[in-house]
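To start, the structure itself, in structure tokens.
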Amino acid sequence: MRSPSKASSQSSRSSQEQTPDKHVDIEKDAIYRDEAPSRPGSIGSGVAGPSSTKTVLRFPPGDPENPYNWSAWKKAAAVFCVISTVLNSTMGSSLPSGASAQLAAYFGVHSQLELVLPTSIFLVGYVFGPLVFGPLSEHYGRKGVMCACLFTLALFTMACALAPTWAALIAFRFVCGACGSCPIAVVGGICADIYSDPTSRGRSMAVFMAATCFGPLVGPIISGYTAPISWRWPFWIALILAGITFVLLCLIPETYGPVLLKRRARRLRKQSGGKDDVWAQIELEESSWRHIFTVVLMRPLRMIVFEPLVLFTCIYTALIYAMLYMFFQAYPIIYEGIYNFTPGQTGLALIPIGIGSSIACGMYLYYDKLLARARARDAPWSRSVEMRRLPLGCVAGPFIVAGLFWAGWTASASIHWLAPVSAGVSFGIGFLLVFMSLINMLVDAYDVFAASALAAASTFRSLFGAVLPFATTPMYERLGVAWACSLLGFLTLAMCVIPFAFVRYGELMRRKSRFCRYLEEKRREEEEERARGREEERGGECADGESRGARDRGDDVV
């Protein structure tokens, strides 16, 4: 007679084979959580193979190797290390923007469109990198992919500093962008790996998104003040920071639960000499190159096409992300052209955007407390999944629109430079609130597929960030500063409806989402399996109690 766990596993597999959605069927076959089926003496759940029964390994409750059970300090250290890689990458993206004059003089480049290339080609790398590294991190683990990419980023940053020709510099920058995109795609998944509750995960994601905002603001400041010494110096500084970050990254352990279970299963099989038929779920998945290409690597693209939550998040975040990189071309037009700033001073004019981002972090934490209080008193609005993140996205749009109109219509020689510079605070607030609300929503909605969802969003916004800066100089020259900023403001105003639509129709979108339905089904199956395990454990305890009672009375125990 089959045990309940084996029967349920077999029935689960048979039901999956009948599911019409083949793409989701061949995604992951289990959602990993802190608890395993609590049937006494079991390692995991039985899975019927073609000719034998395999024991699928899961983390038992309280397992110290499960990243969910790490200490608070260990989790914070891991987040700090991976956030450092994000800062390193995003800072590198904007690094050449403050060295345009020196690069033009050294390489003999005089076209303004060509001078945009060192920044834009980096973002082209951002377009392709996440499509590979996000899904691969869900197949091979986070740490190995991150370390390989950061090492390659450091190597090609050194190549940029030593570039002999303009073409070589552009090629090296593309490789830097492709490898530098890895943290952008993977760090959100790492936050989901180590924080099981949405509150802690949301706070770690807020720090992650702040890093994606602060990094590009630091690059022009570094290059603006070091490029006059030599255009190579900004790259040498980036190389030093990459080396320090690489050492930190090597010190943190792997965070991806399925890979940790695979290592444990292999260790158990080795210790038993192959006698124990113990496997991790990820080992039972197909691992052919055809599967990796058609399923794993294509997952972000399928999400963009078939998941409205992902698609519209991509569109909104792509537009405002592109605006940030357009500012690297627009700020010299405004502040060097109107106010006679130096390149270093123009870089400093970006600081208010960082100040606004810091304010946005405070707003996020304050809303987090309001939500916790509302849940404590069981307020009806707090039960909605959409209300967990999206209200901040609803208020973000007006801040961006106000900042753009403010900057555009105060940038005049007759008005003090502090007026348009201060508009960056409003833009920074809205910029980070959009990212924190919508990106956190993707992580919550897609769980173990979060890295693929973030890879889709990163690819989309990087494409916009790479292309739109080429239009910046022509747009500002033809329309003027005021109307160019106003055009961006009107585009953002049209995007403001997206978070409100998510609040209204988000639940319907999740019900129709193939990925979300699959995740919900797996959660329900695991909950049922855990409930059966608890019932079996209680039954065993009752039987043990009766046996002890019989022994105490001197009865024979058969």
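Below is a table of values for the structure above.
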quantity	calculated
Residue within region 114-134 that is more than 24 Å from the chain's Cα centre (by Cα) and surrounded by fewer than 18 Cβ atoms within 10 Å (Cβ to Cβ) present	yes
Residue in region 383-391 that is more than 21 Å from VAL497 (Cα to Cα) and open to solvent by 20 Å² or more (accessible area, probe 1.4 Å) present	yes
Considering residues of region 404-425 that are polar (S, T, N, Q) and in contact with a Pro (Cβ under 8 Å, 6 or more places away or on another chain) only, the residue nearest to GLY337 (Cα to Cα)	THR410
Matching entry among TYR331, TYR325, TYR339, TYR366 (being of a type in the set (Phe, Trp, Tyr) and more than 30 Å from GLN102 (Cα to Cα))	TYR366
Helices (runs of 4 or more DSSP H) wholly inside region 131-238 that include at least 1 residues being under 22 Å from ALA322 (Cβ atoms) and assigned by the TED database to the domain that holds GLU114	166-194, 198-226
Hits in region 335-354 - residues which are over 21 Å from TRP409 (Cβ atoms), β-branched (Val, Ile, Thr) and in a helix (DSSP H, G or I)	ILE351
Contacts under 7 angstrom Cβ, first residue in region 362-381 being open to solvent by 90 Å² or more (accessible area, probe 1.4 Å), partner part of a helix (DSSP H, G or I), 6 or more apart	ARG375/SER382; TRP381/ALA374; TRP381/MET387
Where PHE174 falls short, out of the listed (1) modelled with pLDDT of 90 or more; (2) among the aromatic types (Phe, Trp, Tyr); (3) under 30 Å from ARG201 (Cα atoms)	(3)
From the options LEU392, LEU370, LEU365, residue that is touching a helix residue (DSSP H, G or I) at 6+ places or on another chain (Cβ under 6 Å) and not in a loop (DSSP other than H, G, I, E, B)	LEU392
Test result for ALA455, more than 18 Å from MET387 (Cα to Cα), touching a residue at least 40 places away in the same chain (Cβ under 8 Å), open to solvent by less than 30 Å² (accessible area, probe 1.4 Å) and in a helix (DSSP H, G or I)	yes
Out of PHE431, PHE427, PHE399, PHE449, sole residue that is surrounded by 22 or more Cβ atoms within 10 Å (Cβ to Cβ), part of a helix (DSSP H, G or I) and free of Cβ contacts under 8 Å to residues at least 60 places away in the same chain	PHE399
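The values are calculated or read from the model by the stated rules, or taken from the named source; none is laboratory data. Computed from a prediction, not measured in an experiment: that's the story for all the values here. Methodologically, a virtual Cβ is constructed for each residue, glycine included, from the backbone with ideal geometry; neighbour enumeration extends over all protein chains shown. Just so you know, the surface numbers come from the protein's heavy atoms only, side chains and all, with ligands and any DNA or RNA stripped out. Shrake-Rupley method; radii C 1.70, N 1.55, O 1.52, S 1.80 Å.
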